[in-house]
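One structure is given here, and the rest of the page talks about it.
Computed from the coordinates by the stated procedures, all read-outs in this text should not be read as laboratory data. On a predicted model such as this, the values are computed, not experimentally measured, just so you know. Note that each Cβ is placed from the backbone with ideal geometry, even for glycine, and that neighbours are counted across all protein chains shown.
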């Protein structure tokens, strides 16, 4: 049997299915756009993402409106996602996505209420690693959060799209800022509450109205 080069398969050899754990610039697609509602009545958008290199970032959850109707800082990120996917409006509907099931001990297909029109949309994300303290257990936690959003094809940010710019200028500056602080440490310091409070206030995606 002869062996013939298949360039597509050769490219896939470089791809490793893995979870994104490092801050940086990623281009891929939205795989989950779930409507969220916390126990406190805070609404939000749950985003999961798969990069073009098959790396995944799940549970990039953005809480946007509290029970009193006040818009939270994460609403800006959601609006940027709409703008950078050229989406003016999305209707609610049932979506399916992969999710870890604790009882089954494996990843299963889950159905939930969400925004089907956002699924599969190409998107560019700047992701930052966040360290925090679990309020119930006191354990350290680690997750990725959305630091910035840009259009996958042009690398234009939301403001540049709205201003009809043709060359990306904002993204390099945002990336420089991100890499200067790739990890946002929000862990509670036992000796002093002040460092934690400062970090908490500096993160644009969170506020004191967070549901957790």
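Residues of region 53-99 that are touching a helix residue (DSSP H, G or I) at 6+ places or on another chain (Cβ under 8 Å) and surrounded by 15 or more Cβ atoms within 10 Å (Cβ to Cβ): 62, 63, 64, 65, 80, 81, 83, 84, 85, 90, 95. Mind checking which residues of region 172-186 are outside any helix (DSSP H, G or I) and out of contact with any helix residue (DSSP H, G or I) (no Cβ under 9 Å at 6 or more places or on another chain)? The answer is 181, 182, 183.
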